[in-house]
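Beneath this line is the structure, given in structure tokens, with notes to follow.
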Amino acid sequence: MTLNVGVIGVGMIGQDHIRRLTDVLSGARVAAVTDVDLDRARTVADDLPGATLHPSGQDLIAAPGVDAVLVTSWGPTHEEYVLACIAAGKQVFCEKPLATTREACQRIVDAEVAAGRRLVMVGFMRRYDARYRAMKEAVTSGDIGAPLLMHASHRNPSVPSFFTSDMIINDSAVHDIDVARWMFDDEIAAVTVLKPRVSSKAAAGFDDPLVVLLEMTSGVLVDVEASVNAAYGYDIRGEVVCEDGTVELSESAGAIVKRAGHFSGRVPADWRERFARAFDTEFQAWIDAVTAGTTTGPSAWDGYAATVVCDAGLAALSSGQRIPVVLGERPDLYKEI
């Protein structure tokens, strides 16, 4: 069986996922596309054999030739499309964020609970990265004792001119927020944001870097250094400190060369290079699950929790205070994580 996927949003990440579904993975094809820029969507559709162009996301979701939906449109539109997919009984892969407000995420969770089955997967691809998975396996095995601390870094070489301090939390550190919840099978209880010396490369009025301190309900502390003008490359780091040892992400997936008293290795240029394999693994897992009539991966609850924690982070950034994270009660539909 070939899964017919409709894609809402054909910007940079949408087109990258279309390439992945078309040329890299098995079991799926892009059957329909739409975008707020219909001319761009038409150009994309013309390069996809048999793909149809739809005037709107709602029209695409309702199309009988679409089995499942990929949402990669602008964040504030996600709620509308994910709710429409749930109403239509169609599986939906939604790139983060699930929605841009706590209330919108809650409406999605409520709709899915009312439907009585999971239909939503949220695109937190780090859970599918081989290095993060090896780290989690070491932590959950208990071989290095109970976890105490996690150190993490998210460094971008640069960001577009429209990027703001808020986006360091909503667009960058959000991945570390999800990793922390997943790594320790735990929720985040409070957030504090610290402002180090501002980088001279940051735009005026832009606080960069930031240190985001996450307090897990178990007492584990996670510190996230988020820097988006690091210049030298896209550098993702992580280490978990446990009672009997530590585990950290390997420095590089490539070779480390030692020569003439020095050593060197490649630093990825951007997120696509660093997490290409994770994206592939993530989407293949989604395709396989949907084809089998189930769903998998980060849930609507995970998307909701990440948005609530980001909201607390933004409050902490603006106030300089420690902000508690208050989640609603996790529905039974999401008790298995």
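Read the figures in this text as sums done on the coordinates, not as results from a lab. Not measured: the values here are computed from a predicted model. Backbone-built Cβ (ideal geometry, glycine too); neighbour counts: all protein chains shown.
Annotations
- Applying the criteria of a DSSP loop state and at most 13 other Cβ atoms within 10 Å to the GluC sites (Glu not before Pro) of segment 275-337 yields Glu329, Glu336.
- Our note on the geometry: Cα centres of segment 101-177 and segment 298-337, 11 Å apart.
- Computed over the chain with a Gaussian network model linking Cα atoms closer than 10 Å, the most mobile of Gly205, Gly233, Gly14 is Gly205.
- Normalised by the number of residues in the chain, the mean separation of alpha-carbon contacts (under 8 Å, six or more apart) gives a relative contact order of 19 percent.
- Shape call, segment 95-163: gyration tensor on alpha carbons, a/c limit 1.5: oblate
- Subtracting the Cα-Cα distance of Leu213 and Gln321 from 0.36 nm times their residue separation leaves 37.7 nm of extension gain.
- Over the residues of the chain, the helix contribution to mean residue ellipticity at 222 nm works out to -10500 deg cm²/dmol, using -39500 (n - 2.57) for each DSSP H run of at least 4.
- Relative to the Cα centre, the charge distribution of segment 115-218, modelled as +1 at Lys and Arg Cβ and -1 at Asp and Glu Cβ, gives a dipole magnitude of about 280 debye.
- C-alpha long axis of helix 174-184 to longest principal axis of the chain, angle in °: 80
- The antiparallel fraction among DSSP beta bridges confined to the chain stands at about 50%.
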